[in-house]
Amino acid sequence: MKVLVLNGPNLNMLGIREPEIYGAQTYKDLENLIYEYGHANQIQVEIFQSNHEGALVDRIQQAYHTVDAIIINPAAYTHTSVAILDALKAVSLPAVEVHLSDVSSREAFRQVSYAGMACEKTMMGQGFDGYLQALAYLKEKYGK
Ligand code: CA2
């Protein structure tokens, strides 16, 4: 199966700032972990990161009829972007939301997730492992 992993703004800064919240490993470490898991589990994985809302919307639209499922950490756009929610609804692919931190125990402004409204599952507070849990979930449910 083919899975698109999308990461939103500032996640490319992983390992550089705020290690107490997001950990000490880098964005490259995250990519390597996901690719290795995909390879070991016969999942074709593509990863895309952008700091731009429209670029993420474009990538979701391109996923229509080209991938089997989406994993998305929209980062700050989680809490603001109706455009990303609409794009996820438009392509109507199975989607899982991932957050490195436990957003449920953070600031009030992080308690709404627009993208999450189009996702069938959310992994949060598990760090990098959340992405692997999302891959395992999608493979188990939709794998071919
Ligand atoms: O916990 C998550 O994965 C978040 O999606 C991360 C977002 C935050 O806005 C969400 O509420 C929860 C922030 C990503 C910023 O990543 C950084 C990484 C290193 C240094 C600074 C920011």
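The values are calculated or read from the model by the stated rules, or taken from the named source; none is laboratory data. Here the structure is a predicted model, which means the values were calculated and not measured. Note that we place each Cβ from the backbone using ideal geometry, even for glycine, and neighbour counts take in every protein chain shown. For accessibility, only protein heavy atoms count, side chains too; no ligands or nucleic acids. Shrake-Rupley method; radii C 1.70, N 1.55, O 1.52, S 1.80 Å.
Quick notes
- Among the helices of the chain, those built from whole DSSP H runs whose Cα atoms reach 15 Å or more along their own axis and whose mean Kyte-Doolittle hydropathy is at least -1.0 are 27-40, 129-142.
- Sum of -39500 (n - 2.57) over DSSP H runs of 4+, divided by residues of the chain (222 nm, nearest 500): -10500 deg cm²/dmol
- Gain on full stretching of the segment that runs from residue 62 to residue 117 - 0.36 nm per residue minus C-alpha separation: 17.8 nm
- Contour excess over end-to-end distance, with Cα ends at residue 31 and residue 144 and 0.36 nm allotted per residue: 38.4 nm
- Leading residue at positive end of dipole, the chain (Cβ point charges), from 23, 63, 11: 63
- Averaged over residues, the count of other Cβ atoms within 10 Å places the peptides 105-114, 75-84, 34-43, 91-100 in the sequence 91-100, 75-84, 34-43, 105-114, highest first.
- The chain, accessible area per residue, ligands and nucleic acids excluded (1.4 Å, Å²): 50 Å²
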